[in-house]
1. For the stretch 86-99, indicate whether the set of residues that are of a type outside the set (D, E, K, R), more than 20 Å from G2 (Cα to Cα), in contact (Cβ under 8 Å) with a residue 24 or more places away in the chain and not in a helix (DSSP H, G or I) is non-empty.
2. If you go through the stretch 11-40 one residue at a time, how many are touching a residue at least 24 places away in the same chain (Cβ under 8 Å) and either assigned by TED's automatic domain parsing to the domain that holds R122 or not in a strand (DSSP E or B) (or both)?
3. (1) loosely packed, with under 15 Cβ neighbours inside 10 Å; (2) part of a helix (DSSP H, G or I): which one isn't true of A123, the others all being true?
4. All but one of (1) outside any loop (DSSP other than H, G, I, E, B); (2) within 18 Å of A61 (Cα to Cα) hold for A43; state the number of the condition that does not hold.
5. Mind checking which residues of the stretch 95-114 are surrounded by 13 or more Cβ atoms within 10 Å (Cβ to Cβ) and closer than 27 Å to R51 by Cβ?
6. If you take the residues in the stretch 100-127 that are in contact (Cβ under 8 Å) with a residue 24 or more places away in the chain and of a type in the set (D, E, K, R), which one is nearest to M22 (Cα to Cα)?
7. Only residues that are surrounded by 12 or more Cβ atoms within 10 Å (Cβ to Cβ) and either charged (D, E, K, R) or in contact with a helix residue (DSSP H, G or I) (Cβ under 7 Å, 6 or more places away or on another chain) (or both): list them for the stretch 18-33, please.
8. Checking W58 against (1) of a type outside the set (D, E, K, R); (2) touching a strand residue (DSSP E or B) at 6+ places or on another chain (Cβ under 7 Å); (3) within 21 Å of A130 (Cβ to Cβ); (4) buried (at least 19 other Cβ atoms within 10 Å of the Cβ), which test does it fail?
Amino acid sequence: MGTFRLEVLTPEKRFFEGDVEMVIVRSVDGDLGILRGHMPMVAPIGIGSLRILTGGQWREAFISGGFMEVKPESTLILSDAVEWPEEIDIKRAEAARERALERLRQKRSREEYIRSQVALARALNRLKIARKYRE
């Protein structure tokens, strides 16, 4: 299996840059696995996990959604937030989950309801990834 260049950027930092064998992300239609030579495409990324195979080892991170540009020799991922499991503040994520649940219980506008659902999805995915690698 060949390698390709992966670059993962957030507004604050270059989260990852290097040669990888494979990357798997959640798109709006399901998981997408990218290998070297993949056809060019641009796709939205959903909230969930970013899995990177490099040097024969898998690494997993939380990703808050975004966009990816795939070319045969490189892939660029842009996201508001990407965190390795050890970077996730579990107490903060639990507090965010509780705030989102409370907002969902309050009968607010449709827009507020959708925002609360997205916030809940981010918090739950952060907790899932953090706990998976800490327990």
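The values are calculated or read from the model by the stated rules, or taken from the named source; none is laboratory data. Quick caveat: nothing in here was measured; it's all calculated off a predicted structure. In this analysis, Cβ positions are derived from the backbone assuming ideal geometry, glycine residues included, and neighbour counts consider all displayed protein chains.
1. Yes, that holds for at least one residue.
2. Selection size over the stretch 11-40: 7.
3. Looking at each condition in turn, A123 falls short on (1).
4. (2)
5. A96, R97, A100
6. R126
7. Those that are surrounded by 12 or more Cβ atoms within 10 Å (Cβ to Cβ) and either charged (D, E, K, R) or in contact with a helix residue (DSSP H, G or I) (Cβ under 7 Å, 6 or more places away or on another chain) (or both): D19, E21, R26, D31.
8. Only one criterion is unmet by W58, namely (4).
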